[in-house]
Amino acid sequence: MIWSEILNQVFIISIIAGAIRIGTPLIMGAIGETFVERSGVMNLGIEGLMLIGALSGFAGAYATGNVWIGVLAAIIIGGLGALLMAFLSVTLTAQQAIAGIAIWMLFDGMAVFANKVSYGRMVQLPTITGFSPLNIPYLSQLPIIGQILFSHNIMVYVGILIVVFSNIILFKTAIGLKIRSVGENPLAADSLGINVSQIRFLCVVIGGMLAGLGGAYITLSELHLFSNYVISGRGWIAFTIVYFGRWKPYGVLIAGLFFGFVEALQLRLQSVLGTAVPYQLLLMLPYVLTILVLTLSSGKQVAPEALARPYRRGEK
Amino acid sequence: MRQEHEMKLPKISNELRFNVLVTIMTILVPFLIGAIIMLFISVNPIAAYRSLFYGAFGTLSGFGETMAKASPLLLTSVGVAIAFRCSSWNIGAEGQLLIGAIVTTWLGLFFIPLPPIIIIPLALVLSFVAGGLFGFIPGLLKAQFNANEIITTMMLNYVAVLIVSYLVSGPWVSETKMGITPMTDTITPSLQLPVIIPGTRFHIGVLLGIVLAVFCYFLLFKSTLGYKIRAVGLNPRAASFGGINVKMVMVLSMVLSGGIAAIGGMAEVAGLHHQLMDGISPGYGYTAIVVALLGRLNPLGIIVSSIMFAGLIVGADTMQQQAGVPISIINIIQALVIIFVLTSEGFMRWRKRRA
């Protein structure tokens with residue numbers, strides 16, 4: 001009885017459409033982290049940057065009534081937050097693992113604090129009118145693929161554009177070559193006259209901007225409200241997606257859709273199965289999957305050679 | 001005369017004095033930034049910090065509460081320090097603590113009745129084993145497959161929280177107790193740890209923590225295993241050339257780390273809550289990272305920093321009630337402490353290179 005409910009067309013279409021919708025913020029954050037890691041830095045603070053992005057996006061839209069101001073606010077705040085990470089990891093050449101943990105804690109704490117200070121006394125939970133599905137004329141009327149591909153909110157398409165552009169930037173431009181050479185062999189890049197610190201700063205900030213955007217997607221496109229738990233692990237998952245996607249934008253796209261699919265499936269199963277299976281078990285699914293995927297995709301040969309290694313001039 | 005004495009001071013003491021000064025600064029500056037944030041929300045920071053200090057150390061019950069909170073913090077931080085010394089970035093102390101709490105609750109609810117002298121050590125050992133296993137998984141995945149342990153331990157934290165949530169709202173839910181959050185029945189009295197100061201919640205968990213911290217100090221700095229752990233942490237390649245089984249030591253550091261953190265969970269259930277419920281740990285495992293780093297990954301230093309941070313958590317409650325500063329400011333200050341520890345290390349590196 002349950003199987004017939006799972007294997008019908010409506011169910012499958014809604015899950016695939018859901019995979020795209022839920023996968024988009026993960027992809028945005030992961031593309032950002034791809035830039036960061038391609039330049040040889042590992043930013044584990046992405047979880048906190050996504051939460052502060054989610055809050056800034058919401059606050060911007062709530063204060064001005066304009067969703068796009070929210071998007072802009074999230075990108076700026078995310079970038080500014082990442083600037084601190086760049087300072088710690090590039091300028092001070094600190095342990096990147098610990099610097100990332102500090103960035104996560106700092107912006108997580110700031111978001112929770114700012115939420116309490118700004119909206120804590122309100123009787124009703126504040127909400128915004130966020131992005132709504134575009135329902136592209138004609139195309140969205142197409143059977144099956146209309147609902148899967150052409151009925152999303154605009155940020156989903158922005159996400160896809162980001163993937164395409166990132167691939168061009170990283171693999172078809174001079175700056176992309178510089179980024180990759182800094183991540184592979186900073187010493188050689190330095191001797192060729194590439195400013196290692198500058199490139200790394202740039203990439204960490206791009207990473208923060210995209211993490212902020214990914215966070216804002218969740219408040220502006222999905223929930224239209226903010227709570228302290230809107231990210232709850234998506235940043236860590238985005239980090240994993242970079243590994244799974246082999247540090248390539250299209251790989252990240254596929255990996256992000258895969259995680260979106262699992263999340264969508266999990267959500268649908270919760271409603272179909274009801275109390276037959278404890279909901280906690282289904283909620284564990286993405287987390288356990290993350291461990292498995294990370295384990296299977298952590299071969300050393302494809303990761304940027306200098307990943308997470310601080311570069312100190314004159315030191316081997 | 002005095003000058004002569006000063007001149008005789010060896011150089012190392014200058015270095016030590018400098019280190020102490022830097023450590024004090026890494027605590028003071030974050031609090032100063034915290035004060036600036038308070039000014040932004042028009043709160044008097046002096047009054048706020050006074051209520052924080054008063055709440056933590058000003059009354060006997062407050063002091064007892066601080067010592068009660070120091071117990072899980074101390075144990076998880078010592079656990080974190082052992083892993084960090086090996087450059088295994090275990091941020092899974094939160095989940096490992098919960099596993100210890102689960103095992104202890106199971107013993108206290110469903111195991112055959114035993115006298116305290118048997119069941120308390122049994123809970124200690126079983127928690128250590130379960131937490132060790134929870135640390136073993138990410139340790140093995142790191143050593144064998146190069147899987148980033150920060151992510152795997154973090155994911156296991158979410159899993160542990162969900163296991164607790166499932167147990168306390170499902171199979172272990174109390175039929176008699178009513179509360180906002182679901183909880184289990186009270187554990188058998190023979191597993192409940194004694195209280196040190198009557199009338200407070202200051203239980204022997206913190207003494208257990210101090211004993212274990214001293215033990216871990218000797219383990220880390222005076223034993224062969226500790227030497228190996230630190231050697232792998234400093235330079236795994238060199239350690240490997242020196243004949244150390246790097247993978248083995250890596251996994252072992254995670255097992256020890258997880259086991260000790262789990263004892264923190266054991267002490268929480270047996271000493272403080274006497275039951276399991278949702279949200280039993282308000283993030284001790286994460287604060288432990290800050291405490292461990294501030295204690296310079298030295299178990300003896302961590303004894304001091306954990307009591308300090310326990311006071312911070314207890315005092316933050318009072319500060320929220322009296323001065324209206326949201327508790328989450330503590331998280332900001334904690335993160336800033338790490339950032340200034342890193343900054344001071346960067347500064348010292350720079351100073352060394354210049355010298």
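The values are calculated or read from the model by the stated rules, or taken from the named source; none is laboratory data. Please read these numbers as outputs of a predicted model, since none were measured by experiment. Don't worry about glycine lacking a Cβ; one is built from the backbone with ideal geometry, like all the others, and counts go over all protein chains shown.
Is segment A:136-158 home to any residue that is within 14 Å of another protein chain (Cβ to nearest Cβ) and at positive phi?
Our first condition is that a residue be within 14 Å of another protein chain (Cβ to nearest Cβ); within segment A:136-158, this holds for none.
Scanning segment A:136-158 turns up no residue that is within 14 Å of another protein chain (Cβ to nearest Cβ) and at positive phi.
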- Counting only residues in segment B:291-301 that are in contact with a Phe, Trp or Tyr (Cβ under 7 Å, 6 or more places away or on another chain) and within 22 Å of B:Glu268 (Cβ to Cβ), the one farthest from the other protein chains (Cβ to nearest Cβ) is identified as B:Pro299
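For B:Met178, indicate whether it is buried (at least 21 other Cβ atoms within 10 Å of the Cβ) and of a type in the set (A, V, I, L, M).
On the way: buried (at least 21 other Cβ atoms within 10 Å of the Cβ): no; of a type in the set (A, V, I, L, M): yes.
Here the answer is no, as B:Met178 does not meet what is asked.
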- Query: Given the conditions (1) surrounded by fewer than 24 Cβ atoms within 10 Å (Cβ to Cβ); (2) at pLDDT 90 or above; (3) assigned to a helix (DSSP H, G or I), which single one is not true for A:Gln301?
  - Reply: (2)
- Message: assigned to a helix (DSSP H, G or I), within 14 Å of another protein chain (Cβ to nearest Cβ), on the phi < 0 side of the Ramachandran plot and at pLDDT 90 or above: which single residue out of B:Ala56, B:Ala81, B:Ala47 fits that description?
- Response: B:Ala81
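Looking at segment B:103-125, can you tell me whether even one residue there is among the aliphatic types (A, V, I, L, M), touching a Leu at 6+ places or on another chain (Cβ under 9 Å) and farther than 24 Å from B:His273 by Cβ? First the steps, then the outcome.
So in segment B:103-125, the residues among the aliphatic types (A, V, I, L, M) come out as B:103, B:107, B:109, B:112, B:114, B:117-120, B:122-125.
This time we only want the ones that are touching a Leu at 6+ places or on another chain (Cβ under 9 Å), so: B:103, B:107, B:109, B:114, B:119-120, B:122-124.
Among the residues that remain, those that are also farther than 24 Å from B:His273 by Cβ are: none.
Looking for residues that are among the aliphatic types (A, V, I, L, M), touching a Leu at 6+ places or on another chain (Cβ under 9 Å) and farther than 24 Å from B:His273 by Cβ, one finds none in segment B:103-125, hence no.
Here is a list: A:Arg268, A:Arg200, A:Arg234. Which entry is touching a residue at least 40 places away in the same chain (Cβ under 8 Å) and within 14 Å of chain B (Cβ to nearest Cβ)? Steps first, answer last, please.
Working: A:Arg268 fails: within 14 Å of chain B (Cβ to nearest Cβ); A:Arg200 fails: within 14 Å of chain B (Cβ to nearest Cβ).
From the options A:Arg268, A:Arg200, A:Arg234, the qualifying one is A:Arg234.
Of the residues A:Ile101, A:Ile75, only one is in a helix (DSSP H, G or I) and either more than 30 Å from B:Arg85 (Cβ to Cβ) or of a type in the set (Lys, Arg) (or both); which?
On the way: A:Ile101 fails: either more than 30 Å from B:Arg85 (Cβ to Cβ) or of a type in the set (Lys, Arg) (or both).
After applying the criteria, what remains is A:Ile75.
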- Scan segment A:294-303 and give yes if some residue there is over 15 Å from the mean Cα position of the chain (by Cα) and in contact (Cβ under 8 Å) with a residue 60 or more places away in the chain, otherwise no. yes
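Which ones in segment A:76-94 are surrounded by 21 or more Cβ atoms within 10 Å (Cβ to Cβ) and either closer than 22 Å to B:Thr287 by Cα or more than 7 Å from chain B (Cβ to nearest Cβ) (or both)?
Filtering segment A:76-94 down to residues surrounded by 21 or more Cβ atoms within 10 Å (Cβ to Cβ) leaves A:77-79, A:81-82, A:85-86, A:88-90, A:93-94.
Within segment A:76-94, A:Ile77, A:Gly78, A:Gly79, A:Gly81, A:Ala82, A:Met85, A:Ala86, A:Leu88, A:Ser89, A:Val90, A:Ala94 meet the criteria.
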- Taking segment A:97-108, which residues are surrounded by fewer than 24 Cβ atoms within 10 Å (Cβ to Cβ) and not β-branched (Val, Ile, Thr)? A:Ala97
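Residue under question is A:Val204, and the condition is that it be surrounded by fewer than 20 Cβ atoms within 10 Å (Cβ to Cβ), outside any loop (DSSP other than H, G, I, E, B) and modelled with pLDDT of 95 or more; does it hold? Before you say what the answer is, go through the steps one by one.
Details: surrounded by fewer than 20 Cβ atoms within 10 Å (Cβ to Cβ): no; outside any loop (DSSP other than H, G, I, E, B): yes; modelled with pLDDT of 95 or more: yes.
So A:Val204 does not fit the description; no.
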- Filtering segment B:280-310 down to residues that are over 8 Å from the mean Cα position of the chain (by Cα) and not aliphatic (A, V, I, L, M) yields B:Ser281, B:Pro282, B:Gly283, B:Gly295, B:Arg296, B:Asn298, B:Pro299, B:Gly301, B:Ser305, B:Phe309
- Query: Would you pick out the residues in segment A:105-125 that are more than 8 Å from chain B (Cβ to nearest Cβ) and touching an Asp or Glu at 6+ places or on another chain (Cβ under 8 Å)?
  - Reply: none
- Query: Of the conditions (1) at pLDDT below 95; (2) in contact with a Leu (Cβ under 8 Å, 6 or more places away or on another chain); (3) within 17 Å of B:Gly259 (Cα to Cα), B:Met154 fails just one. Which one is it?
  - Reply: (2)
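When residues of segment A:40-57 are filtered for being within 25 Å of A:Glu305 (Cα to Cα) and either of a type in the set (S, T, N, Q) or in a helix (DSSP H, G or I) (or both), how many remain? Working first, answer last.
Step one: of segment A:40-57, the residues within 25 Å of A:Glu305 (Cα to Cα) are A:40-47.
Checking the rest, the ones that are also either of a type in the set (S, T, N, Q) or in a helix (DSSP H, G or I) (or both) come to A:43, A:46-47.
The qualifying residues number 3.
Do we find a residue being more than 17 Å from the chain's Cα centre (by Cα), at positive phi and not in a helix (DSSP H, G or I) anywhere in segment A:231-241? Walk me through how you get there before you give the answer.
Pass one, segment A:231-241, residues more than 17 Å from the chain's Cα centre (by Cα): none.
Among the residues of segment A:231-241, not one is more than 17 Å from the chain's Cα centre (by Cα), at positive phi and not in a helix (DSSP H, G or I), which makes the answer no.
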- A:Asn228: passes all of (1) surrounded by fewer than 24 Cβ atoms within 10 Å (Cβ to Cβ); (2) within 14 Å of chain B (Cβ to nearest Cβ); (3) outside any loop (DSSP other than H, G, I, E, B) but (3)
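To keep it simple, each residue is scored yes or no on (1) small (Gly, Ala, Ser); (2) within 19 Å of the chain's Cα centre (by Cα); (3) modelled with pLDDT under 95.
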| position | (1), (2), (3) |
| --- | --- |
| A:Met1 | no, no, yes |
| A:Ile27 | no, yes, no |
| A:Glu37 | no, yes, no |
| A:Met50 | no, yes, no |
| A:Gly53 | yes, yes, no |
| A:Ser56 | yes, yes, no |
| A:Trp68 | no, yes, no |
| A:Gly79 | yes, yes, no |
| A:Met85 | no, yes, no |
- Complete set of residues in segment A:277-293 that are more than 17 Å from B:Ser165 (Cβ to Cβ), more than 7 Å from chain B (Cβ to nearest Cβ) and touching a helix residue (DSSP H, G or I) at 6+ places or on another chain (Cβ under 8 Å): A:Leu289, A:Val293
